[in-house]
Amino acid sequence: MRVLLIGSGGREHALAWKMTQSDRLEKLFVAPGNGGTQAIAENVALDVTDHTSVVDFALREQIDLVVVGPEVPLVAGISDDLRAAGLAVFGPSKVAAQLEGSKSFTKALCDEMGIPTAAYAKFDALEPALAYLDRQGAPIVIKADGLAAGKGVTVAETLEQAREAVRDCFSGTFGAAGAEVVIEECLVGDEASLFAICDGEHTILLPAAQDHKRAFDDDKGPNTGGMGAYAPAPVMTDALIERAYREIAAPAIKGMAARGTPFSGVLFTGLMITKDGPKLIEFNTRFGDPETQVLMMLLESDVLDILEATAHGTLANVSPRWKREVALTVVLAANGYPGAYEKNTVIANAAGLDSDTIQVFHAGTVRDGDRLLASGGRVLNVTAIGDDVGEARERAYAAVDAIDWPDGFCRRDIGWRAL
Ligand code: AMP
Ligand code: GLY
């Protein structure tokens with residue numbers, strides 16, 4: 001099988017790593033890829049925003065399956081353009097990707113399908129939004145409506161913080177994504193993520209994971225794309241998984257199919273487990289990053305079988321097997337992330353750590369001869385497997401400590417909720 005994987009994060013390195021374990025893989029291209037994928041696949045410098053060049057490349061290289069990692073190309077409709085050219089794609093259509101691309105689209109579907117989620121209101125101007133804040137009080141959650149790389153959300157403890165967040169959105173901090181602002185009730189509980197792979201009709205559930213969104217230990221600091229994760233997450237008991245699927249993911253999938261815009265790909269359901277049961281925080285329409293790093297460590301089956309069956313609508317024939325262990329990943333990020341950070345700093349001793357129980361997945365890295373340089377905010381994902389969270393965590397931090405990168409930092413408490 002000839003595969004084109006789109007993206008350049010830790011998620012893509014983890015998917016690529018798992019794909020290379022498949023006997024069915026003949027050739028893997030990653031566009032644009034990173035310093036990690038370069039070692040196991042062929043990186044291609046495609047401009048992913050130029051759909052025509054991606055389609056042309058895939059046709060020329062006789063690609064059997066295109067796998068789209070990140071949300072930005074999905075929301076821009078790359079799957080539709082690839083499918084229109086006759087290519088098989090793992091990834092939702094442009095309309096289905098609105099479940100991630102527009103918070104107000106999702107809220108409307110929740111209303112339509114009775115999906116439990118935070119109460120909300122939507123604004124396209126500052127004054128009415130501020131007036132609404134005054135009526136609601138704090139704590140309260142402010143969200144840029146569009147895509148903002150996980151950074152467009154402020155959980156405001158005080159009204160002053162809330163006002164500032166609303167002003168920020170409307171002043172253009174998140175560009176077009178902040179032209180509309182969603183203000184939400186603040187949900188209280190444990191967070192967890194449920195992953196459902198769906199071919200439009202049939203669905204398979206993956207192990208539930210827990211992410212660590214805040215930049216610093218003890219869940220302090222700003223929200224990030226995710227600083228670490230582990231799976232399975234004990235907070236998601238089988239009964240809760242079943243309930244969250246039945247009340248949240250399944251009605252969304254059903255609603256999209258009923259509208260004539262079926263969802264195909266992976267529906268990543270961000271949940272708050274409140275005292276009244278699971279509620280939707282947000283949908284994402286792609287694999288989580290860094291959750292995928294732990295899921296790929298746990299997957300025993302051939303990932304290409306799953307992705308291909310999704311693209312071809314034959315998922316009913318697939319039932320993946322998972323390891324019984326726990327996987328945990330620690331993100332090493334550049335000092336300053338999620339704010340401004342320096343690029344091209346040198347990372348030493350990150351090679352040679354991989355083993356049966358450890359994989360160092362790369363995100364923002366590039367190779368410069370023999371040197372490994374940091375080129376992004378989130379840079380490495382040190383991922384370990386163990387019999388329990390404690391063992392996986394010990395192994396992961398031992399590997400983290402072997403890496404020499406003075407310009408980076410990590411959280412030291414990944415997995416604390418499960419310990
Ligand atoms: P999102 O980008 O929508 O996943 O939001 C990022 C993070 O903000 C979530 O992982 C939660 O920690 C937090 N968050 C978002 N919405 C809410 C809410 N309604 N109540 C409490 N926390 C929230
Ligand atoms: N780790 C959260 C995300 O991928 O959005």
Hey, residue 355 free of Cβ contacts under 8 Å to residues at least 40 places away in the same chain and of a type outside the set (Lys, Arg) or not
yes
Quick check on this structure: which one of 259, 286 is within 14 Å of ligand 2 (Cβ to nearest atom), open to solvent by 20 Å² or more (accessible area, probe 1.4 Å) and modelled with pLDDT of 95 or more?
286
Just to be sure I understand the filter: pairs with C-beta atoms under 6 Å, separated by 6 or more residues or on different chains, first member in segment 3-25 and more than 16 Å from ligand 2 (Cβ to nearest atom), second member of a type in the set (Phe, Trp, Tyr). Which pairs pass?
4/29
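Here is a yes/no grid of residues against (1) within 16 Å of ligand 2 (Cβ to nearest atom); (2) among the basic types (Lys, Arg); (3) in contact with an Asp or Glu (Cβ under 9 Å, 6 or more places away or on another chain):
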position: 112; (1), (2), (3): no, no, no
position: 144; (1), (2), (3): yes, no, yes
position: 155; (1), (2), (3): yes, no, no
position: 192; (1), (2), (3): yes, no, yes
Conditions: (1) among the hydrophobic types (A, V, I, L, M, F, W, C); (2) assigned to a strand (DSSP E or B); (3) over 18 Å from residue 108 (Cα atoms). Residue 235 meets all but one. Number of the miss?
(2)
Could you please find all residues in segment 383-403 being open to solvent by less than 30 Å² (accessible area, probe 1.4 Å) and either farther than 22 Å from residue 324 by Cβ or assigned to a helix (DSSP H, G or I) (or both)?
389, 390, 392, 396, 397, 399, 400, 403
Give me the pairs, please: first residue somewhere in segment 208-228 and farther than 18 Å from residue 142 by Cα and open to solvent by 30 Å² or more (accessible area, probe 1.4 Å), second residue anywhere and more than 9 Å from ligand 2 (Cβ to nearest atom) and acidic (Asp, Glu), beta-carbon distance under 7 Å, and either six or more positions apart or on two chains.
217/413; 218/413
Does at least one position in segment 219-229 carry a residue that is in a helix (DSSP H, G or I), closer than 30 Å to residue 377 by Cα, at pLDDT 95 or above and within 16 Å of ligand 2 (Cβ to nearest atom)?
no
Between 187, 109, which is on the phi < 0 side of the Ramachandran plot, at pLDDT 95 or above, under 25 Å from the mean Cα position of the chain (by Cα) and within 11 Å of ligand 1 (Cβ to nearest atom)?
187
Hey, any hits in segment 82-105 for a residue that's open to solvent by 20 Å² or more (accessible area, probe 1.4 Å), within 16 Å of ligand 1 (Cβ to nearest atom) and more than 25 Å from residue 270 (Cα to Cα)?
no
Scan segment 332-347 for residues that are among the polar types (S, T, N, Q) and surrounded by 13 or more Cβ atoms within 10 Å (Cβ to Cβ) and jot them down.
335, 345
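The values are calculated or read from the model by the stated rules, or taken from the named source; none is laboratory data. Source: prediction; values computed, not measured. Note that each Cβ is placed from the backbone with ideal geometry, even for glycine, and that neighbours are counted across all protein chains shown. When the accessible area is computed, the model is the full protein with side chains, heavy atoms only, and any ligands, DNA or RNA have been set aside. Shrake-Rupley method; radii C 1.70, N 1.55, O 1.52, S 1.80 Å.
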